[in-house]
C-alpha cells in the first residue's frame, strides 16, 4: 500500500460511527497536491456512500494551485460524502474554505478541535 495512504487515510470509529480521516496536516505545495491526488483516488475506490469525512489541514499552507486541486477533488468526492468537517482552518483559510464550499458544494464545516468535528459528524 502506498506510504501516503498508510499515513494519511484512516477509518476511525467514533460513538459507533465510521469516520474517514484524511490528514493533510503540515503539507505545502507539491506535497499537498500529491497527497490530495493519492487520497482522492483511494477515496473513490472505497465504494461507499454517505461517508462522514474529517479533513485535517492543521499547519498546512495553500496557494492557487492547491485551491484549484481542492476544488476538483471536492467535486469528485461530493456524491459519496454525507457530511464533512475540517480542522485547522483559521484566519484567511476560512475565506478559502468558503470559496471551495461554494464551487464544490461539499459543505465542509470548520472546527477548532477534532473532538468537536467528530461530534458534529455523528450528530
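Restricted to the range 1-53, and to residues there that are over 15 Å from the mean Cα position of the chain (by Cα), assigned to a strand (DSSP E or B) and touching a residue at least 60 places away in the same chain (Cβ under 8 Å), the residue that is farthest from residue 87 (Cα to Cα) is 17. Would you pick out the residues in the range 29-54 that are within 13 Å of residue 68 (Cα to Cα) and surrounded by 16 or more Cβ atoms within 10 Å (Cβ to Cβ)? Answer for the range 29-54, where residues must be within 13 Å of residue 68 (Cα to Cα) and surrounded by 16 or more Cβ atoms within 10 Å (Cβ to Cβ): 32, 33, 36. Of everything in the range 98-109 that is surrounded by 19 or more Cβ atoms within 10 Å (Cβ to Cβ) and touching a strand residue (DSSP E or B) at 6+ places or on another chain (Cβ under 6 Å), the residue that is modelled with the highest pLDDT is 108.
Before we move on, is residue 75 surrounded by fewer than 19 Cβ atoms within 10 Å (Cβ to Cβ), assigned to a helix (DSSP H, G or I), touching a strand residue (DSSP E or B) at 6+ places or on another chain (Cβ under 8 Å) and free of Cβ contacts under 8 Å to residues at least 40 places away in the same chain? So residue 75 does not fit the description; no.
Does the range 39-50 contain at least one residue that is closer than 23 Å to residue 119 by Cβ and in contact with a strand residue (DSSP E or B) (Cβ under 6 Å, 6 or more places away or on another chain)? Among the residues of the range 39-50, at least one is closer than 23 Å to residue 119 by Cβ and in contact with a strand residue (DSSP E or B) (Cβ under 6 Å, 6 or more places away or on another chain), which makes the answer yes. Every condition in (1) outside any strand (DSSP E or B); (2) touching a strand residue (DSSP E or B) at 6+ places or on another chain (Cβ under 7 Å); (3) at pLDDT 95 or above; (4) exposed (fewer than 14 other Cβ atoms within 10 Å of the Cβ) is met by residue 94 except one, and the failing one is (3).
The values are calculated or read from the model by the stated rules, or taken from the named source; none is laboratory data. In this text the structure is predicted, and so the values were computed from the model without any measurement. Backbone-built Cβ (ideal geometry, glycine too); neighbour counts: all protein chains shown.
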